[in-house]
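K.L.:
For reference, the structure I am asking about is given below.
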Amino acid sequence: MSKRKKGVFDTSSVPMVGDFVRESLDLHLFMARIMREHAIFMQVGFLSKDVTYAQQAEQFKCQYDELLKEAIMLSDCTASESVLRSGELVTDKTLGAESKTQELTGVCIDSTLTLEELRLNPDPGTIPQDITPHVQSLNQKTMALTTSFAEFKAMVLDQVTKCCLFTNLFPSQYMHIHKEALFYLKLISRLQNNQFVDSRVELYEQKLFWDNIMGEHAQIISHLLDPSEKELSHKAQDFAHRFDKLERKLKGEGIPATGLERLRQENIQATSAIAEFKAANTDLLLACRTKSMLSPLLTDHTLREAYYYLRILKTLRLVYLGRG
């Protein structure tokens with residue numbers, strides 16, 4: 001990653017071609033898959049009388065399939081090795097989770113994309129400049145599609161909260177997936193517009209967002225477990241409290257260098273622990289050894305987000321401090 005100038009934003013600096021291409025594609029490989037799974041969860045959640053909404057969710061799923069397919073095509077020998085190895089794109093459970101979720105719900109899930117992501121080769125150190133216009137075009141399509149998808153999520157949430165629509169997703173789940181769409185839009189818009197943030201600000205923003213997301217994952221898992229699964233539910237609630245505490249600490253301390261670095265270390269420990277919990281839950285669901293309303297794709301989905309956050313926490317070290 002190229003050195004980013006100090007200050008919250010600096011739009012006068014044009015990023016190196018490799019950085020722009022690599023960061024854009026790394027983001028799409030992760031977030032386009034997350035978005036398509038949001039569409040799957042929404043599609044599964046609608047009742048048969050609301051077939052129009054289910055069809056719209058299906059259309060979004062198909063559009064993200066195409067976007068992910070294009071990102072994969074552009075990413076071979078372009079994506080970061082750290083991203084490909086992190087588990088944020090595909091885990092050792094993803095294929096099984098997709099297969100089982102398709103079997104249980106009847107929703108078609110294109111697992112060839114998962115296999116293609118597994119075959120990707122990392123960037124060898126040189127990225128051809130002629131790929132840049134293709135990535136810029138992909139970014140533009142992503143922003144248009146994700147804006148529409150965010151609007152669809154917000155509309156469904158509004159209908160649910162007004163008691164005009166019933167689905168098998170909690171209102172808080174719609175709020176959760178809406179936030180993730182907006183975050184995706186913010187990150188890709190910054191790349192597309194050559195906007196860069198100071199490394200400390202970037203770490204602060206990522207921490208604030210993902211602490212909240214990790215806590216919400218724990219709450220959702222807890223509420224979707226059968227009431228008889230008391231031990232798992234208590235563990236999930238403990239994680240929810242743990243991330244809420246980390247989020248409040250961050251807001252309370254501001255971002256002094258020493259305080260932020262200490263919190264980063266605490267977050268690495270907490271995120272590693274919740275990733276282990278999510279992985280174990282996915283294994284239990286795949287083995288039909290736990291009672292819940294969770295699908296294995298949902299828990300694998302949250303596991304990949306934990307792996308993404310872990311990579312961000314480990315990458316955004318405060319090595320920039322004292323180095324100009």
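Here's the yes/no breakdown for (1) assigned by TED's automatic domain parsing to the domain that holds Arg304; (2) in contact with a helix residue (DSSP H, G or I) (Cβ under 8 Å, 6 or more places away or on another chain); (3) at pLDDT 95 or above:
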| position | (1), (2), (3) |
| --- | --- |
| Arg36 | no, yes, yes |
| Thr78 | no, yes, no |
| Glu88 | no, yes, yes |
| Thr105 | no, yes, yes |
| Thr112 | no, no, yes |
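K.L.:
Another question, then. Would you be able to tell me the number of residues in region 117-135 that are loosely packed, with under 15 Cβ neighbours inside 10 Å and touching a residue at least 60 places away in the same chain (Cβ under 8 Å)?
P.N.:
Looking only at that region, the number is 3.
K.L.:
Considering only region 149-173, state which residues are part of a helix (DSSP H, G or I) and free of Cβ contacts under 8 Å to residues at least 24 places away in the same chain.
P.N.:
Glu151, Met155, Leu157, Asp158, Gln159, Val160, Thr161, Pro171
K.L.:
For region 250-280, which residues satisfy the criterion of being among the basic types (Lys, Arg) and either at pLDDT 95 or above or within 30 Å of Gly96 (Cα to Cα) (or both)?
P.N.:
Correct list: Lys278 only.
K.L.:
Quick one: would you say Phe170 is over 25 Å from Leu29 (Cβ atoms) and at pLDDT 90 or above?
P.N.:
In short, yes.
K.L.:
Now a separate question. Which residue, of Gln63, Gln59, is assigned to a helix (DSSP H, G or I) and closer than 22 Å to Phe166 by Cβ?
P.N.:
Gln59
The values are calculated or read from the model by the stated rules, or taken from the named source; none is laboratory data. Quick caveat: nothing in here was measured; it's all calculated off a predicted structure. Using ideal geometry, Cβ is built from the backbone for each residue, glycine included, and neighbour counts are taken over all protein chains shown.
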